[in-house]
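These notes are about the structure you will find just below.
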Amino acid sequence: PGLRQMSAIVPTLRNYGDNAVLIEWATSGFDAQVSDQVHALAGQLRKTPFLSEVMPGYDSLVVSFDAAAQSLAAVTAHVEHALHSGGSSDADTQSRLVDIPVSYGGEAGPDLVALAETIGKTPADVITLHSDPEYRVCMMGFIPGFAFLSAVNPLLQHLRHATPRALVPAGSVGIANWQTGIYGLDSPGGWQIIVRTSVTMFDAARDDPFYVEAGDRIRFVPQ
């Protein structure tokens, strides 16, 4: 089998400058099956020596290459072949599972109680609803180490703050609409902060600065 192309959305490919190809899936909101496709294809393409970078998003994938060594047409053909050829169709078999120790509420999660009241749940309910699922790291950005994760339980979906905080501590975990995510550095931010991890998500001095990367799966483990 290929990369779940039979029943899923077939992506489109287009040039992304002179040295990159954009693979894009047409979706409306978060689509778990599309995310599976994105990361299964990313895992396959990372094995390609002549691709310099493979950058997944929620519904897209950008692959870049050295234009002096490879032609755009050749790289596009390689990506098309990867889409339709054999290989692992399960992104989870290619990814790490990382446990993230976290503390909910209090200073670590200043929005937990208010969010619980807004959605008509107890803080304990919110903790269970948020910590029970396994999440995928769908993409990295907007600051170093910020992990954009897969969708939260629909009961937890909540708007961002109308006025962002001037400082959200590194390691804070928040909710914004259907997303949850982990702040890699101290940063301004408007997400609903319900929990924090003591794990250093980004450290430029480490051999591998990023604690998690796109494609990983994570579980929040309450302490």
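The values are calculated or read from the model by the stated rules, or taken from the named source; none is laboratory data. Only a predicted model underlies this, so the values are computations on that prediction, with no experimental measurement involved. Every residue, glycine among them, receives a Cβ derived from its backbone with ideal geometry; neighbour counts consider all protein chains shown. Heads up: the accessible areas ignore ligands, DNA and RNA and are worked out on the full protein's heavy atoms, side chains in. Shrake-Rupley method; radii C 1.70, N 1.55, O 1.52, S 1.80 Å.
Under 6 Å between Cβ atoms, which residue pairs at least 6 apart in sequence (or on different chains) link something in region 151-178 that is of a type in the set (Ser, Thr, Tyr) with a partner that is part of a loop (DSSP other than H, G, I, E, B) and at pLDDT 95 or above?
From region 151-178, the pairs are Ser172/Tyr183.
Tell me which of these Leu61 doesn't satisfy, since it passes every other one: (1) under 13 Å from the mean Cα position of the chain (by Cα); (2) part of a helix (DSSP H, G or I).
Here Leu61 clears every test but (2).
Go through region 168-222 and tell me which strands (runs of 3 or more DSSP E), entirely inside it, have 1 or more residues that are hydrophobic (A, V, I, L, M, F, W, C) and more than 13 Å from Gly109 (Cα to Cα).
172-176, 217-222
Check off (1) assigned to a helix (DSSP H, G or I); (2) open to solvent by less than 70 Å² (accessible area, probe 1.4 Å) for Gln33 and give me the number that stays unchecked.
The failed condition is (2).
Residues of region 58-71 being open to solvent by 40 Å² or more (accessible area, probe 1.4 Å) and among the hydrophobic types (A, V, I, L, M, F, W, C), which ones? Step through it out loud before you land on a result.
So in region 58-71, the residues open to solvent by 40 Å² or more (accessible area, probe 1.4 Å) come out as 59, 66-71.
Within region 58-71, Ala67, Ala68, Ala69 qualify.
Please specify each residue of region 158-195 satisfying the condition of being among the β-branched types (Val, Ile, Thr) and modelled with pLDDT under 95.
Within region 158-195, no residue meets the criteria.
Please specify each residue of region 14-24 satisfying the condition of being under 12 Å from Val62 (Cα atoms) and either modelled with pLDDT under 95 or not hydrophobic (A, V, I, L, M, F, W, C) (or both).
Arg14, Asn15, Tyr16, Gly17, Asn19, Glu24
Suppose we filter region 91-142 for residues that are closer than 30 Å to Leu41 by Cα, open to solvent by 50 Å² or more (accessible area, probe 1.4 Å), in a helix (DSSP H, G or I) and touching a residue at least 12 places away in the same chain (Cβ under 8 Å); how many remain?
Counting residues in region 91-142 that are closer than 30 Å to Leu41 by Cα, open to solvent by 50 Å² or more (accessible area, probe 1.4 Å), in a helix (DSSP H, G or I) and touching a residue at least 12 places away in the same chain (Cβ under 8 Å) gives 2.
Testing Ala214 on (1) open to solvent by 20 Å² or more (accessible area, probe 1.4 Å); (2) modelled with pLDDT under 95, one condition comes back false. Which one is that?
All conditions are met except number (1).
Quick check on Val113: is it under 30 Å from Gly17 (Cα atoms), among the hydrophobic types (A, V, I, L, M, F, W, C), at pLDDT 95 or above and over 15 Å from the mean Cα position of the chain (by Cα)?
no
Which one is farthest from Val137 (Cα to Cα) among residues in region 179-192 that are open to solvent by 40 Å² or more (accessible area, probe 1.4 Å) and without any contact (Cβ under 8 Å) to a residue 40 or more places away in the chain? I'd like the intermediate steps shown before the answer.
Kept after step one, since they are open to solvent by 40 Å² or more (accessible area, probe 1.4 Å), are these residues of region 179-192: 185-186, 188.
Filter once more, so that each one left must be without any contact (Cβ under 8 Å) to a residue 40 or more places away in the chain: 186, 188.
On the way: Asp186: 19, Pro188: 21 Å.
Among residues in region 179-192 that are open to solvent by 40 Å² or more (accessible area, probe 1.4 Å) and without any contact (Cβ under 8 Å) to a residue 40 or more places away in the chain, the one farthest from Val137 (Cα to Cα) is Pro188.
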